[in-house]
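Only one structure is covered here, and it is reproduced in the block below.
The values are calculated or read from the model by the stated rules, or taken from the named source; none is laboratory data. What you are looking at is a predicted structure, and each value in this text was computed from that prediction instead of being measured. Methodologically, a virtual Cβ is constructed for each residue, glycine included, from the backbone with ideal geometry; neighbour enumeration extends over all protein chains shown.
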Amino acid sequence: MKKGLPDIKKDFSAWYTQVVNRAGLADYGPVKGTMVIKPYGYQLWENIKEIFDKMIKDSGHVNAYFPLFIPKSFLAKEAEHIEGFAKECAVVTHTRLKSDDGQGVIVDPESKLDEEIIVRPTSETVIWSMYKKWIQSHRDLPLLINQWANVVRWEMRTRLFLRTSEFLWQEGHTAHETSEEAKKETLEILEQYRCLAENYLAIPVFTGLKTESEKFAGAELTYCIEAMMGDKRALQAGTSHYLGQNFAKAFNVTFQTKDNKEEFVWATSWGVSTRLIGAVILTHGDEKGLQLPPKVAPIQVVIVPIVKNDIQIKMIEDFIEPILKELKNKKIRTHVDWSNSSPGYKFNDWEMKGVPIRMEVGPRDIEEDKVVLVRRDNKEKTVVTKTDSVNRIDMFLNEIQNNLFNKALAFRNNNTHIVSNYDDFKKVINEGGFVRCGWNGAKDTESKIKEETKATIRCIPFDENPDELKCIISGEVAKHEVIFAKAY
RNA sequence: CGGAGCGUGGCGCAGCCCGGUAGCGCACCACAAUGGGGUUGUGGGGGUCGCAGGUUCAAAUCCUGUCGCUCCGACCA
């Protein structure tokens, strides 16, 4: 029987794989590198999606849907952009199969396409080809469109949620009259990402700017939220790009200004993906499995009845009925586990699935008109009267949400070190953790450090203070204070 | 594309050297007891041993070919 998980401290990677599997979040698809998101995992994604969808709609964005297929020629229009994605594009070359003498099917050579089609690795190009048609005047701006979609990037090494060949995300693509406005949009979205990560997923993030070599291909500036995972490695959790006029120029998208001039449009794009689920797992998980922040947990309270016979089943049903009703009124997502495993099995199972609160109800409790509440985050058991139970649950859910964030924040702070010499730098990177230090801003120092330590610049944080700092490796005057880490 | 390994019920494996009626654990189904931290017992269902060919009276086992997968080195949200 499968019991304990691999040791989270010793074998984080095996731990992760097993948690994803045993919590019922996802499974491998038949094509290498693909992922099936199972109902429990998908509910988590739906909750995240709902929250962010509301945020962007409240800030004036609308959803639309653009095609999966992109003409190959589109990708050539933005030189840097193609550089970034060329190596991982799935290409459609034929449109038909035919039967191979009853021995299965083969690609029908007759059906070869004149112009091959790319499966979108991201949608800038299709979207800008359409924006060209839609934008004439400053009155058409700003154009604030988002889409929820799947994209395909043919990856060599994949891991469920963190890197799969196909993944789900949202991609926002906006067009503006001025550079300032586009930059403002980029930063406003980044702030929404920070809010999503910190206030809902309980994941503390660093916000900042990517370096030239780490930024999105085709962007002028890439901002990001970077989080620290339980193994002290960094995970890029979301990016927001200021695209300047790159795509407007590539697709010749101009507009007529108020004073009757023709100008190229200014653009942004931004995205978060199902990778956020990986971030939640890797941030909050523990030796018992998953821990889900209450605000996004598919099930916030699981009720485990402890029963000996049919009569007791009926008693418990009656006993919890008013509680269930009240929980429902408060919109607390609840599940009663009537399956016939033993209570001990259920306890472990729901802990694996990361449900924030477990309620145990058995004959002893009914007799005293009480229930037992057990918190997933600190394992505390509380016996409360039936009347108090829902209020306590409400309170606990809030506390757990905050507690998860605070724990993650403390962990990140404890593992983020300010260093001033390269030996200390290497020591921290080697033992795991983030390093804050000076950098001279040169590409070659960045790549030298990557080569020597595997650490990359995760971002130039907004709260940087490079004054009086020296570059960690060259010793020159630092241009920026940056955060280095090994990344996923 | 280079290096290592693996294909046997759903999953994990044994059996292979030394050919002889396909086995174990988990999961699954049924019944009963149990039930407050992974509970037992009894009974049951399920596999052309990756595929193709060869050797042999006989192949999961030996030989040849073939296909697929996993892991490790050049990418990335």
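Things to note:
- Of the criteria (1) assigned to a strand (DSSP E or B); (2) surrounded by fewer than 18 Cβ atoms within 10 Å (Cβ to Cβ); (3) hydrophobic (A, V, I, L, M, F, W, C), which one A:Val435 fails: (2)
- The condition (being at pLDDT 95 or above, crowded, with 17+ Cβ neighbours inside 10 Å and charged (D, E, K, R)) is satisfied by just one residue among A:Lys479, A:Lys407: A:Lys407.
For every residue, the table says whether it meets (1) part of a strand (DSSP E or B); (2) within 30 Å of A:Leu243 (Cβ to Cβ); (3) touching a residue at least 24 places away in the same chain (Cβ under 8 Å).
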| site | (1), (2), (3) |
| --- | --- |
| A:Ile8 | no, no, yes |
| A:Gly24 | no, no, yes |
| A:Ile51 | no, yes, yes |
| A:Lys57 | no, yes, no |
| A:Gly84 | no, yes, yes |
| A:Val92 | yes, yes, yes |
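Residues checked against (1) of a type in the set (A, V, I, L, M); (2) free of Cβ contacts under 8 Å to residues at least 40 places away in the same chain; (3) within 16 Å of A:Ala408 (Cβ to Cβ):
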position	(1), (2), (3)
A:Val272	yes, no, no
A:Ala279	yes, no, yes
A:Lys288	no, no, no
A:Gln291	no, no, yes
A:Pro298	no, no, no
A:Asn309	no, yes, no
A:Ile320	yes, no, no
A:Lys325	no, yes, no
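- One residue alone among A:Ile106, A:Ile118 is outside any loop (DSSP other than H, G, I, E, B) and either surrounded by 14 or more Cβ atoms within 10 Å (Cβ to Cβ) or touching a residue at least 60 places away in the same chain (Cβ under 8 Å) (or both), and that residue is A:Ile118.
- Residue that is farthest from the chain's Cα centre (by Cα), among those in the range A:263-272 that are part of a strand (DSSP E or B) and surrounded by 24 or more Cβ atoms within 10 Å (Cβ to Cβ): A:Trp266
- Test set (1) more than 16 Å from RNA strand B (Cβ to nearest atom); (2) under 23 Å from the mean Cα position of the chain (by Cα) - A:Ala442 fails condition number: (2)
- Restricting the range A:1-20 to residues that are near RNA strand B (Cβ under 10 Å from one of its atoms) and either modelled with pLDDT of 90 or more or among the hydroxyl-bearing types (Ser, Thr, Tyr) (or both), the residue that is surrounded by the most Cβ atoms within 10 Å (Cβ to Cβ): A:Thr17
- Strands (runs of 3 or more DSSP E) wholly inside the range A:121-238 that include at least 2 residues being of a type in the set (A, V, I, L, M), modelled with pLDDT of 95 or more and more than 14 Å from RNA strand B (Cβ to nearest atom): A:143-152
- Scanning the range A:32-49 for residues that are surrounded by fewer than 17 Cβ atoms within 10 Å (Cβ to Cβ) and closer than 18 Å to A:Arg163 by Cα yields a count of 4.
- Filter pass, A:Asn63 being surrounded by fewer than 17 Cβ atoms within 10 Å (Cβ to Cβ) and polar (S, T, N, Q): yes
- Cβ-Cβ contacts under 7 Å between residues 6 or more apart (or on different chains), taken from a first residue in the range A:362-390 that is under 13 Å from A:Ile320 (Cα atoms) to a second residue that is of a type in the set (S, T, N, Q) and part of a strand (DSSP E or B), are listed as A:Asp369/A:Thr385; A:Lys370/A:Thr385.
- Restricting the range A:193-205 to residues that are buried (at least 24 other Cβ atoms within 10 Å of the Cβ) and touching a residue at least 60 places away in the same chain (Cβ under 8 Å), the residue that is nearest to A:Asp377 (Cα to Cα): A:Ala202
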